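The values are calculated or read from the model by the stated rules, or taken from the named source; none is laboratory data. None of these values were measured; they are calculated from a predicted model. Please note: Cβ atoms are built from the backbone with ideal geometry, for glycine as well, and neighbour counts cover all protein chains shown.
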Amino acid sequence: MAQRTIGFVSRAALLAAFAVLLTSILRGQSIPTDPKATCVVTPTTFATWFASGTPALNGAVNPANAITFPHSNNCDFYQWAEQNFLWLTSPAPSQYGGNGRVFDSPVFYDVSAPDPKNNNARYFQQHVPGQLRFFDVRTSQVGPHGLPLIFDRSGRMLEIERPNPAPSGRPQVRTAAGALAEVARVTVANNKATLVDPAGKPIQRQAPPRAAAATKGLAPLIVQQFIVNGAPVLVDAAGNVLDVEEGQALTGGALVAQNGSLIYYTTIVNDVYAYFLSGAKSGGIVPQPTQFPTKQTDLDPIVAYAAKYGVTMPDANALAIEVKASWIETTNLQNPQNYITMNAMIPTYNTSDPNHWVAGPARQATLAMLGLHVVGSVANHPEMVWATFEHVGNAPSATYQYINTNGQTITVNASMGGNWLLTATNAPAPYNAQIAVACGSDIYGIPATSSKSPCPPPTTNKILSANVLRQKPFGAGNTSPNAQDGSAAASNTEVISVQNTVKVPGGDVRNNYFLMGATWTNGGAAPNGSYSNNPTFNEIGTSLLANSTMETFQQGTDATSNTGVNCFFCHTTNQVSVSHVYNALQPLPPPTAAAKK
């Protein structure tokens, strides 16, 4: 009993100190510390998360047991997310073979960028502690067809298929007769686009193949991108010009912070994911699984296959875990000690031309983590649970509501004041507009002024920092995002409540990151739409979830519920391809080959 009393007192003091810390970091907006306790981790349960049995500064945390996952209500999923975040960012215990954090240990595997010389294949490389690899600078998400994703002003999802360039550099389209024709220019009148060939003749365009194959439901509209008078326009199969927000018509968006630093991205997976995929694709696990593991009988053959490599998994009951992180160089970063940091070899750029940054040689740097997607399979949920975290100083949040301890609905208004990393103080709208694009190895200012495709060099458009606004702060708009909560305020309250009960004692840097939410489907079914758009659909939790550092340009045009992306708009199945890197990833070398190395 004495231990519980001490734990309760220290937690209360911690919350008060945490509120002060958030205010000092955000200088304009903090996470509420008085939510109604609708989702809590008790002190006794919180203590069981720690390997020592006691919450402590820099204490190692065990992963959530995915096999015994209870999945009875929203709170179970949010607790899973919080525990796994603390586990992944814990100092690595000795059995992980590294001195850094858990995700920075040899138990995890780096996922390479697509290899254009081998059909865009991806490869595993066992992680070396203290070395982040395989960086990307593109924030753009891909849709169900693997194409870059944006939204028009009405909130409709669009996938952009860029026409292949001809040797001349002009885009090519397929004519109604099936021949290839070069597009010399595009004219727009009455919201209709006319494509003109080099001879000045209008082109009767054939609908893009993927557009013709698109189905109803979640499938997006496939459009093509052209340059008209130096600005990009999007054209559907019927020749209609789509209305999109300013700055949103080019894909491959690169995010630049207010201090002029690029944001970098990495993807890693755990040992269960790596050996599951390798066994499934190599014939080492039969019959070949079509879904990620969710129970002990799924895990057993993965463990047996890994044993052929001489590998013992320290926490196999975490099941398959995929992690995507966003990073920024600590140079010119205020208070880098308030971030989780890593050393890395990063791609660098010659920025002498303000309109075109040219990729140069890699160099050693220290990076600070801004955001983290935590994705994992759990009992009865092969579609995986999708959760995301952000550093408290990234960007301001749009207006949202929550319910306080007195049962009152509190409105927290957007506060653009303060010293934000991704947003200028008191920055006016528009927000989340692309001002830089990554194409090939370089960074360009947009919109481009040339009609050449796919990487037109700009001449007058500078690469600038975007002003970022977190449109749906806790994965809800203006209506409830799931069937278990009566309002957006109730949903927000659950997320705020749980993170106020999982603060690590002392000045633990992990306390500077907050849960934005998590989403999954009812019963583990394939997703078929967000609850806020249609109550018969099956997405649960914070089903309007987006990370301001990773889905910056896909958050929608405002904070309402009918615009923007969530995880299942792009990950539209409960089969293994729900992970976008799965199909492209090549299995690890056979055990005999690995043993010889």
Hey, does region 495-504 have a residue that's under 22 Å from the mean Cα position of the chain (by Cα) and among the small types (G, A, S)?
-> no
Name the single residue, out of those in region 547-573 being in contact with a helix residue (DSSP H, G or I) (Cβ under 9 Å, 6 or more places away or on another chain) and of a type in the set (S, T, N, Q), that is modelled with the lowest pLDDT.
-> S561
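Given the structure, is I222 within 26 Å of the chain's Cα centre (by Cα), among the β-branched types (V, I, T) and either in a strand (DSSP E or B) or at pLDDT below 85 (or both)?
Values: within 26 Å of the chain's Cα centre (by Cα): yes; among the β-branched types (V, I, T): yes; either in a strand (DSSP E or B) or at pLDDT below 85 (or both): yes.
So I222 passes the test.
What about S168, is it surrounded by fewer than 15 Cβ atoms within 10 Å (Cβ to Cβ), at pLDDT below 75 and either farther than 30 Å from N528 by Cα or not charged (D, E, K, R) (or both)?
Details: surrounded by fewer than 15 Cβ atoms within 10 Å (Cβ to Cβ): yes; at pLDDT below 75: yes; either farther than 30 Å from N528 by Cα or not charged (D, E, K, R) (or both): yes.
Yes: the conditions hold for S168.
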Which residue pairs have Cβ atoms closer than 9 Å, lie 6 or more positions apart in sequence or on different chains, and pair a first residue in region 74-88 that is within 15 Å of G541 (Cβ to Cβ) with a second residue that is part of a helix (DSSP H, G or I) and polar (S, T, N, Q)?
-> N74/S491; C75/S497; Y78/S497; Y78/Q499; Q79/T45; E82/Q499
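Per-residue answers, yes or no, for (1) out of contact with any Gly (no Cβ under 9 Å at 6 or more places or on another chain); (2) of a type in the set (S, T, N, Q); (3) modelled with pLDDT under 95; (4) not assigned by TED's automatic domain parsing to the domain that holds Y275:
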{"site": "V9", "(1), (2), (3), (4)": "yes, no, yes, yes"}
{"site": "A12", "(1), (2), (3), (4)": "yes, no, yes, yes"}
{"site": "A16", "(1), (2), (3), (4)": "yes, no, yes, yes"}
{"site": "P43", "(1), (2), (3), (4)": "no, no, no, yes"}
{"site": "P55", "(1), (2), (3), (4)": "no, no, no, yes"}
{"site": "Q79", "(1), (2), (3), (4)": "yes, yes, no, yes"}
{"site": "T89", "(1), (2), (3), (4)": "yes, yes, no, yes"}
{"site": "F103", "(1), (2), (3), (4)": "yes, no, no, no"}
{"site": "D110", "(1), (2), (3), (4)": "yes, no, yes, no"}
Search region 166-195 for residues that are outside the structural domain of F226 (by TED's automatic domain parsing) and pair each with any residue that is surrounded by 19 or more Cβ atoms within 10 Å (Cβ to Cβ) when their beta-carbon atoms are under 6 Å apart and the residues are at least 6 apart or on different chains.
-> none
Quick check: is even one residue across region 329-340 assigned by TED's automatic domain parsing to the domain that holds V107, at positive phi and surrounded by fewer than 18 Cβ atoms within 10 Å (Cβ to Cβ)?
-> yes
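Of G230, G310, G279, G247, which residue is at pLDDT 75 or above, surrounded by fewer than 22 Cβ atoms within 10 Å (Cβ to Cβ) and not hydroxyl-bearing (S, T, Y)? Give the steps one after another, and end with the answer.
Numbers: G230 fails: at pLDDT 75 or above; G279 fails: surrounded by fewer than 22 Cβ atoms within 10 Å (Cβ to Cβ); G247 fails: at pLDDT 75 or above.
Result of the check over G230, G310, G279, G247: G310.
What number of residues within region 418-439 satisfy the criterion of being under 26 Å from P336 (Cβ atoms) and out of contact with any Lys or Arg (no Cβ under 7 Å at 6 or more places or on another chain)?
Applying the first criterion (under 26 Å from P336 (Cβ atoms)) to region 418-439 yields 418-427, 431-432, 435-436, 438.
With the extra rule that they be out of contact with any Lys or Arg (no Cβ under 7 Å at 6 or more places or on another chain), the set shrinks to 420-427, 431-432, 435-436.
Qualifying residue count for the region: 12.
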